[in-house]
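To keep things clear, I will list the structure first and then write my remarks on it.
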Amino acid sequence: MENDKTTALVTGANKGIGYAIAEQLGATGMRVLVGARSDTGREEAVERLRASGVDAHGVRLDVTSDESVADAAAEVEERFGRLDVLVNNAGISGPFDPVTWTQDPTTLDLDVVRQVVDVNVYGVVRVTNAMLPLLRRSPAPRIVNASSSMGSLGRQPGPVMAAYAPSKTFLNGITTQYARAFADTPVIVNAACPGLVATDFNGFSGDRTAAQGAATAVRLATLPDDGPRGGFFEDAGVVPW
Ligand code: NAP
């Protein structure tokens, strides 16, 4: 195993936007680690990526489990020695009303909020902190957090989603705190919005492809050393907080 090869871990890379991010990072020549909780989904994704020429490897990873995340970090260290790119892509909307496609704050089940925040926010912190010692071994570590413009307080697009949208606002806030903590280090962290992408997430109702949705995350994962830090971006540029 070459340990000087740039290595990227993408969480939730078995399908959707995460898979497309893995494919596009792989196309740049990076080694790509497919972080996924389902053994079958992970193995199938690795196989498909390899068939398209990507140097792909599976890593079992459930972002809500301290144990799974610690095991994943130990496995990455043992097999690859360091990490250069972490894309915190795994995310869920949580259950919503199937008729109105909303999460109504006036009837919100707090267990839904806990479940969504556990994946979309705590999951990111859990994975980032576990992988940080490995990222710090890279000359140019990059972290990308998969956010959403639904978390933008300035824009507030789409339906009322009282668990999901604020989870991404929370994630944006955490992203800026990481950027402050990394200010005098080579670690660059940013948040990416993929746009409305047709995936399982929304019953394939988005108007963008997963490949289009992956583009901003891939750009942020491959930023030069003088690239932006602690920002929130989409294809068209900066997303307002
Ligand atoms: P998706 O097709 O539903 O994929 C979500 C991925 O996250 C799946 O691989 C899923 O794994 C994984 N995941 C969920 N919980 C996990 C856990 N506990 N541990 C590890 N992996 C977990 O959704 P997507 O549209 O590609 O979304 C990817 C990211 O983009 C999310 O963060 C989402 O919030 C964000 N986003 C999406 C859109 C959109 O329009 N699609 C818009 C804005 C932002 P399983 O297959 O095992 O469930």
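A few points about this structure:
- Sum of -39500 (n - 2.57) over DSSP H runs of 4+, divided by residues of the chain (222 nm, nearest 500): -12000 deg cm²/dmol
- Descending by average beta-carbon neighbour count within 10 Å, the peptides 55-61, 215-221 line up as 215-221, 55-61, the highest first.
- Residue ranges 189-199, 175-185 sort as 189-199, 175-185 when ordered by packing (mean number of other C-beta atoms within 10 Å per residue, highest first).
- Working note: Karplus 6.51/-1.76/1.60 with θ = phi - 60° gives segment 185-202 the couplings 10, x, 6, 10, 10, 8, 10, 10, 9, x, x, 8, 10, 6, 9, 3, 3, 10 Hz, where Gly and Pro are set to x.
- Net charge dipole size for the chain [Lys, Arg +1 and Asp, Glu -1 on Cβ; Debye, nearest 20]: 500
- Counting only alpha carbon atoms, the long axis of helix 66-80 and the longest principal axis of the chain meet at about 30°.
- The DSSP beta bridges internal to segment 7-238 are antiparallel in roughly 5% of cases.
- Evaluated on segment 128-241, the Kirkwood hydrodynamic radius is 14.7 Å, with distances taken between all distinct Cα atoms.
- Dipole of the chain, positive end: most advanced residue of Leu223, Ser68, Cys193 [Cβ charges, Cα centre]: Leu223
- Look at where the Cα atoms of segment 129-182 and of segment 9-67 average out, and the two centres are 20 Å apart.
- Normalised by 2.2 N^0.38 Å, where N is the number of residues, the alpha-carbon radius of gyration of segment 1-153 equals 1.09.
- Cut-off under 5 Å, modelled amide H: who pairs with Val189 long-range: Ile143, Gly230
Bear in mind that the values in this text are calculations on the coordinates, not laboratory data. Keep in mind that this is a model prediction, so the values were computed, not measured. For neighbour counting, all protein chains shown are included, and Cβ atoms are generated from backbone atoms with ideal geometry for every residue, glycine included.
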